[in-house]
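A.B. asks: Please find one structure pasted underneath; my questions will follow.
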Amino acid sequence: MRIVLARLGALLTLCTVAACSSTPSYNPTTFNSEIETAKLAEKPIKTVVIPHVNLGMPSRNYLEKEAPRIDGMISAYLKDNGYKVIPQREFQQRWSTGVRAYGNPVEPTTGKVNMRTFAQIMESIRDDMKKEFKLDAFVFTDLVEVEVAFNIGMKHLARWDGVSRKPALQGPGDGVSVDFDWNQLAAVATLQVAVFDTDLQRLFFGRGGLDATEAIDTRSSSGRFTRRRNMLENYNHLYEGIQLAFHPLIEMKAWPGNP
């Protein structure tokens, strides 16, 4: 009996530890998403497409290169949660047709978007894809860049849009000068998600932090941040950001926001 009780006690201890480890830590930077709950309940989304273009201004060139890979992860995440995702090429083909008909809505020198032209192209795509695929919604996935400081605690964490990240090093060295200014700002990436129905009305808007796009340059004696040669490669960081950006449209079990 003592052996059984001992084993039971050990099992309960392990369960308690597991429960504690699965409890999310509150992150005050977690984004409060906007969601049209009533509209979604009245007309649930089933079939979506992920446009290859931003809803707002285009992403930085170095982020734009990473967008197809991240959109692939987002597509898999949506499918895993019961959505049917139309291949992005279907949108791309119709976008090209719309640009030829109405002009490019993005001004190449400034990046500004002519929303009237953008809306004309989107309406033509909507009409065609709704007819052919029974499309319910567009899921825009913009990669945006913000600046934060890696100055929280002894680990020098940075927090933004629900995530906590350590600084990365880049260069031949493996340390940071004692005089390094941890209050200086560094560039980091965030996933911004906006879901629009076929009436082009917004149903959901969320954000989730991804990872830093700059690292500490160990070649610099004074200490500074420089653009990372390889960025947005950590799968776990990307997946966490995707989960954050879609919550509560798709519930994140370990959501770090304020309950």
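A.B. asks: Taking the Cβ of Glu145 as the centre, find all other residues whose Cβ is under 13 Å away and add up their charges (Lys, Arg: +1; Asp, Glu: -1).
C.D. replies: -3
A.B. asks: Moving to a separate point now. Quick one: which residues, 5 or more positions from Asn234 or on another chain, have an amide H under 5 Å from its amide H? H modelled 1.01 Å from N in the peptide plane, none for Pro or chain starts.
C.D. replies: Amide H neighbours of Asn234: none.
A.B. asks: Working out 0.36 nm times the residue gap between Lys79 and Glu123, then minus their Cα-Cα distance, what length gain in nm do you get to one decimal?
C.D. replies: 13.3 nm
A.B. asks: Same structure again: So for the pair Ala101, Met115, with labels modelled 7 Å out along Cα→Cβ, what separation do we get in nm?
C.D. replies: If labels sit at Ala101 and Met115, their model points lie 2.2 nm apart.
A.B. asks: For a test of the definition: using alpha carbon positions, the gyration tensor, and the 1.5 limit on a/c, classify segment 31-165 as rounded, prolate or oblate.
C.D. replies: oblate
A.B. asks: Additional query: Using Cα springs under 10 Å in a Gaussian network model of the chain, which residue among Asp199, Asp136, Asp179 shows the largest mean-square fluctuation?
C.D. replies: Its mean-square fluctuation being the largest, the pick is Asp179.
A.B. asks: Counting only other residues whose beta carbon sits under 11 Å from that of Leu249, what net charge do I get with K and R as +1, D and E as -1?
C.D. replies: Charge balance near Leu249 sits at -3.
A.B. asks: Right, another one. Starting at the first residue of segment 120-129, write each ³J(HN,Hα) from the Karplus equation 6.51 cos²θ - 1.76 cosθ + 1.60 with θ = phi - 60°, in whole Hz, x for Gly and Pro.
C.D. replies: 4, 5, 4, 5, 5, 5, 4, 4, 6, 6
A.B. asks: Determine the calculated [θ] at 222 nm for the chain from helices alone, applying -39500 (n - 2.57) to every DSSP H run no shorter than 4 residues and normalising by the residue count; nearest 500 deg cm²/dmol.
C.D. replies: -11000 deg cm²/dmol
A.B. asks: Skip the ligands, DNA and RNA, and give the accessible area per residue of the chain with a 1.4 Å probe, whole Å².
C.D. replies: Per residue, the chain has 57 Å² of solvent-accessible surface.
A.B. asks: Net charge within 13 Å of Gln184 by Cβ-Cβ distance, Lys/Arg positive one each and Asp/Glu negative one each, not counting Gln184 itself?
C.D. replies: Charge balance near Gln184 sits at -4.
A.B. asks: Compute, for Ser75, the solvent-accessible surface of its heavy atoms (probe 1.4 Å) with the complete set of protein chains present, and express it in square angstrom to the nearest 10.
C.D. replies: The accessible area comes out at roughly 20 Å².
A.B. asks: Evaluate segment 196-259: find the radius of gyration of its Cα atoms, find its Kirkwood radius, and give the ratio Rg to Rh.
C.D. replies: Expressed as Rg/Rh, it is 1.17.
A.B. asks: Take the alpha carbon gyration tensor of the chain, find the square roots of its eigenvalues, order them as a ≥ b ≥ c, and report rounded if a/c is under 1.5; if not, report prolate when a/b exceeds b/c, else oblate.
C.D. replies: oblate
A.B. asks: Quick one: 3J(HN,Hα) in Hz for segment 89-99, Karplus 6.51/-1.76/1.60 with θ = phi - 60°, rounded, Gly and Pro as x.
C.D. replies: Here the 3J(HN,Hα) series is 4, 5, 5, 4, 4, 6, 5, 4, 5, x, 5 Hz.
A.B. asks: Quick one: which residues, 5 or more positions from Asp211 or on another chain, have an amide H under 5 Å from its amide H? H modelled 1.01 Å from N in the peptide plane, none for Pro or chain starts.
C.D. replies: Those qualifying (amide H under 5 Å, at least 5 residues apart or on another chain) are Ala189.
A.B. asks: Leaving out ligands, DNA and RNA, what percent of the accessible area of segment 34-246 is carbon and sulfur, probe 1.4 Å?
C.D. replies: C and S fraction of accessible area: 47 percent.
A.B. asks: Going through segment 151-259, which GluC sites (Glu not before Pro) have at most 13 other Cβ atoms within 10 Å and a DSSP loop state?
C.D. replies: Passing both the DSSP loop test and the Cβ count: Glu233, Glu251.
A.B. asks: Separate question: Quick one: which residues, 5+ away or cross-chain, put their amide H under 5 Å from the amide H of Gln184? H built at 1.01 Å from N.
C.D. replies: So Gln184 has HN proximity to no qualifying residue.
A.B. asks: Calculate one ³J(HN,Hα) per residue across segment 46-51 by plugging θ = phi - 60° into the Karplus curve 6.51 cos²θ - 1.76 cosθ + 1.60, and present them in order as whole Hz with x for glycine and proline.
C.D. replies: 3J(HN,Hα) across segment 46-51, in whole Hz: 10, 10, 9, 9, 9, x.
A.B. asks: Mind checking which of Thr30, Thr190, Thr109 has the largest fluctuation in a GNM of the chain, springs on alpha carbons under 10 Å?
C.D. replies: Thr109
A.B. asks: Can you give me the solvent accessible area of Trp255 with a 1.4 Å probe, rounded to the nearest 10 Å²?
C.D. replies: 60 Å²
A.B. asks: If you take the beta carbon distance between Lys155 and His52 as r and set R0 to 45 Å, what does 1/(1 + (r/R0)^6) give as a FRET efficiency, to the nearest 0.05?
C.D. replies: FRET efficiency, Lys155 to His52: 0.75.
The values are calculated or read from the model by the stated rules, or taken from the named source; none is laboratory data. This one's a predicted model, so the numbers in the text were calculated from it and none came from an experiment. Virtual Cβ from ideal backbone geometry, glycine too; neighbours counted across all protein chains shown. In case anyone asks, the SASA skips ligands and DNA or RNA and just uses the protein heavy atoms, side chains included. Shrake-Rupley method; radii C 1.70, N 1.55, O 1.52, S 1.80 Å.
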